[in-house]
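Below: one structure, written as structure tokens.
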Amino acid sequence: MGFFNWSAPAIRRYGERWTPENLKQITGWLRPFVASGSHVLDLGGGSGGLARRLTEELPVRVTVLDPTPELLAHIRTTELVSAELGSAESMPFDDDEFDALVVTDAFHHFRDVDGAVAEMARVVRPGGVVIILELDKGSLMIKLISLAERLVGEPARFFTPDGLCAFMEERHIKGECIRLEGHAYRYLGVVQKPWPAA
Ligand SMILES: C[S@@+](CC[C@H](N)C(=O)[O-])C[C@H]1O[C@@H](n2cnc3c(N)ncnc32)[C@H](O)[C@@H]1O
């Protein structure tokens with residue numbers, strides 16, 4: 001049984017951690033890229049805590065894509081919040097389907113980050129936004145967390161902020177990082193399509 005199957009009750013509680021300040025920041029980052037009826041993807045969105053809160057704050061609909069049925073089962077789907085079983089590396093969506101994509105504390109769990117970023121660039125429209133909240137690989141604390149995650153079979157694919165920016169830009173998503181509290185940072189990038197000629 002995978003890590004997220006047995007840890008699902010704890011991850012569900014963790015998914016409700018968003019404070020009003022956190023939401024103000026996230027909606028502030030999203031707002032320039034969304035309009036009424038825009039479609040947002042919460043990739044690795046677990047039990048949908050953030051998706052629900054985003055629809056309360058912005059005039060958008062949010063789809064959660066996650067491979068863990070034990071988490072998805074707890075999403076209260078509505079007209080504005082939907083849930084899909086699947087993985088970042090092979091998304092069951094059309095090209096350019098989303099105006100914005102968020103990944104919170106999930107990117108380092110993707111087994112194939114190359115494939116996942118290619119899929120992000122495919123499903124987000126040209127000029128759409130990709131926001132990733134992650135933990136800095138450069139910090140000693142995250143090195144220890146990485147070790148612990150590997151012991152339970154997780155890929156622990158952490159990046160430094162500069163490393164993630166470079167990785168995304170090579171894959172046609174151009175952006176920047178800002179540091180947040182603790183060991184966290186936020187990446188915000190815009191999807192560049194059609195690809196500039198090589
Ligand atoms: C630590 S939880 C974070 C959940 C939620 N984003 C949050 O911030 O509360 C990591 C999530 O990544 C999901 N995940 C793991 N591998 C994934 C993959 N390959 N594609 C998409 N999601 C994945 C897990 O099922 C889990 O819901």
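The values are calculated or read from the model by the stated rules, or taken from the named source; none is laboratory data. These numbers were taken from a predicted model, which means no experiment stands behind them. Every residue, glycine as well, gets a Cβ built from its backbone with ideal geometry; the counts of neighbours run over all protein chains shown.
The residues of the range 165-192 that are among the hydrophobic types (A, V, I, L, M, F, W, C), free of Cβ contacts under 8 Å to residues at least 40 places away in the same chain and outside any strand (DSSP E or B), listed by number, are CYS165, ALA166.
The requirement of being modelled with pLDDT under 95 and more than 9 Å from the ligand (Cβ to nearest atom) is fulfilled nowhere in the range 40-56; no residue meets it. The requirement of being touching a residue at least 12 places away in the same chain (Cβ under 8 Å), within 12 Å of the ligand (Cβ to nearest atom), within 21 Å of PHE159 (Cβ to Cβ) and not charged (D, E, K, R) is not satisfied by HIS74.
Residue by residue through the range 1-56, note down the ones that are within 21 Å of THR78 (Cβ to Cβ), surrounded by fewer than 17 Cβ atoms within 10 Å (Cβ to Cβ) and acidic (Asp, Glu). GLU16, GLU56 - these are the residues of the range 1-56 that are within 21 Å of THR78 (Cβ to Cβ), surrounded by fewer than 17 Cβ atoms within 10 Å (Cβ to Cβ) and acidic (Asp, Glu).
Can you find, within the range 88-126, the residue that is nearest to the ligand (Cβ to nearest atom) among those that are in a strand (DSSP E or B), in contact with a Lys or Arg (Cβ under 8 Å, 6 or more places away or on another chain) and over 24 Å from ASN22 (Cα atoms)? Ranking the qualifying residues of the range 88-126, first place goes to ARG125.
If you filter the range 77-110 down to residues that are surrounded by fewer than 20 Cβ atoms within 10 Å (Cβ to Cβ) and among the acidic types (Asp, Glu), you find that the one that is farthest from PRO155 (Cα to Cα) is GLU79.
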